[in-house]
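Before any comments, here is the structure.
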Amino acid sequence: MKSPERYIVSLVLLACVGLSLSGRAERRPDSLRRPSYLALNGTAGTVFGTNEFVQGNRRIPLYGSASVKYAFCSLGSDWKDIAYGMPYYGVGAYTAWFGRNDDLGRPFSLYLFQGATLSQLSRRVGLNYEWNLGMSANWKYYDPFDNPENVALGSSVNAHVGVNLYLKFYLSRRLDVHLGAGLTHFSNGSTRQPNHGMNMGGIFLEVAYNFNRDRVIEEFNPLAVPPRFVRRIDHDLLVNISVRQIDIDTTGTGLPSGYVDRKFNVYGLSYAAMYAPGYKYKYGLSFDLLYDESSGARMWRELNPADGNYYDRVKLAPFGKRLSLGISAKGEMVLPHYSIFANLGWNVLHGNKRDFRLYQVLGVKIYLKENLFGTFGIRATHFSQAQYLYWSLGYTIRGRKLGDRIRR
């Protein structure tokens, strides 16, 4: 890719297309129309001081955002609707205000979202989760002349990742109110430096108007009873591919800036053993082998005596110093055709000293066939700074069944 914008757009679009296909509706009787809703969301929160651009006198104690969202909901006529918490999915448009248009801009996003019920607390109150994945644009990003202090964002187009937890209040057949809290992250995944990211948290109020909810099946339907789930251990094998940039110490290098426009290849191989106690969740351990060209790389500017010109030079570290091996705890929230997963890991073999040993991964896993899947994700350190965006291809080996206990 010639630019981080094209790289981010292509990866996020790939994930969005996969989610759209995976979220396709099951065939329903003609008399049943799928319920949907239109929602307006208002959020107020703070920008976390995870880098110098949003610390000290640059701190942003309060920001505001607004979203308009449209979602398709489950009917409740299929056992998967019941087993997976009546999932819903849709598309949203987002904008935010930081009070700093001069160096941050007025960003807007288009994103996919998906959610489901974690627990139905009463007939009219439910505890729900929701996650967002999309693209944001119109950021004012780092420029050595016009915006030299912005180390948070190195490109105008950035990935938009969010997760929400909220209470859903059923006011009437048409109206719901959602009250909750969420976290949002914006970055380009280190496809262009600087990229310390924007990390925000806030509380939100959302009003939803429902269509066709009166047609949702409410009476007992024997076809909607989930079949017995037998516990098992699944084995996932994944191959990851990505690129990243790094910032360097310019001392003694002759380079004018630490943000060198050089992309380094990143390849990964992972094995995860995942215990599945029921339909909704999996958890286990993952072993993550990483090859990172940027690990130990040196850069400097040097005079070429042959033509009298200066050139930027790069020298990679020995092969063994480009390797890392991590062990991570991994969890998945499972839905039909895809999952949302997260890892929290520690590098036992730590090749890239620029990055902290403790790492985090957040992503989407989409099943392309019965056992073949692709993923789109982001790997980070310090719970805030992206190392890289990546995509991967993997295969699940279904493990042996562990017993007859029913879990739902």
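The values are calculated or read from the model by the stated rules, or taken from the named source; none is laboratory data. If you're wondering where the values come from, they're calculated on a predicted model, not measured in any experiment. With ideal geometry, Cβ positions are generated from the backbone for all residues, glycine too; neighbour counts draw on all protein chains shown. Note: accessible area is taken over every heavy atom of the protein model, side chains too, but ligands, DNA and RNA are not part of it. Shrake-Rupley method; radii C 1.70, N 1.55, O 1.52, S 1.80 Å.
Things worth noting here:
- The one condition in (1) open to solvent by less than 50 Å² (accessible area, probe 1.4 Å); (2) touching a Phe, Trp or Tyr at 6+ places or on another chain (Cβ under 8 Å); (3) within 16 Å of G268 (Cβ to Cβ); (4) free of Cβ contacts under 8 Å to residues at least 40 places away in the same chain that L358 fails to fulfil: (3)
- Every test in (1) outside any strand (DSSP E or B); (2) open to solvent by less than 10 Å² (accessible area, probe 1.4 Å) is passed by G345 save one, and that test is (1).
- When each of G326, G374, G284 is tested for being under 22 Å from D234 (Cα atoms) and within 18 Å of the chain's Cα centre (by Cα), the lone residue that passes is G374.
- When G99, G45, G64, G90 are screened for being at pLDDT below 95, closer than 29 Å to M198 by Cβ and not polar (S, T, N, Q), only G99 passes.
- Scan of the range 231-251 for residues that are open to solvent by 60 Å² or more (accessible area, probe 1.4 Å) and either within 18 Å of D312 (Cβ to Cβ) or among the hydroxyl-bearing types (S, T, Y) (or both), ordered by number: D247, D249, T251
- Residues considered: G258, G254. Of these, the only one that is under 25 Å from Y141 (Cα atoms), open to solvent by less than 20 Å² (accessible area, probe 1.4 Å) and modelled with pLDDT under 90 is G258.
Matching residues to (1) touching a Cys at 6+ places or on another chain (Cβ under 7 Å); (2) at pLDDT 95 or above; (3) more than 30 Å from T396 (Cβ to Cβ); (4) aromatic (F, W, Y):
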residue	(1), (2), (3), (4)
T191	no, no, no, no
P194	no, no, yes, no
G202	no, yes, yes, no
V230	no, no, no, no
D234	no, yes, no, no
L269	no, yes, no, no
A272	no, yes, no, no
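- Counted residues, the range 307-328 - those being within 21 Å of L255 (Cβ to Cβ) and either open to solvent by 40 Å² or more (accessible area, probe 1.4 Å) or basic (K, R) (or both): 10
- Test: residue in the range 52-62 that is open to solvent by 20 Å² or more (accessible area, probe 1.4 Å) and closer than 26 Å to Y338 by Cβ: no
- L289 exposed (fewer than 14 other Cβ atoms within 10 Å of the Cβ) and at pLDDT 95 or above: no
- K80 meets each of the listed conditions (1) assigned to a loop (DSSP other than H, G, I, E, B); (2) open to solvent by 10 Å² or more (accessible area, probe 1.4 Å); (3) in contact with an Asp or Glu (Cβ under 8 Å, 6 or more places away or on another chain) apart from (1).
- So F186, is it of a type outside the set (D, E) and at pLDDT 95 or above: yes
- Candidates in the range 93-118 are the residues that are closer than 15 Å to V163 by Cα and in contact with a Leu (Cβ under 9 Å, 6 or more places away or on another chain); of these, the one that is surrounded by the fewest Cβ atoms within 10 Å (Cβ to Cβ) is L118.
- Strands (runs of 3 or more DSSP E) lying entirely in the range 119-219 (those with 2 or more residues that are without any contact (Cβ under 8 Å) to a residue 60 or more places away in the chain and either farther than 17 Å from A39 by Cα or open to solvent by 40 Å² or more (accessible area, probe 1.4 Å) (or both)): 125-139, 158-170, 175-187
- Here Y279 meets each of (1) part of a strand (DSSP E or B); (2) within 30 Å of F229 (Cβ to Cβ) with one exception, condition (1).
- Out of G331, G351, sole residue that is assigned to a loop (DSSP other than H, G, I, E, B), open to solvent by less than 50 Å² (accessible area, probe 1.4 Å), in contact (Cβ under 8 Å) with a residue 40 or more places away in the chain and not aromatic (F, W, Y): G351
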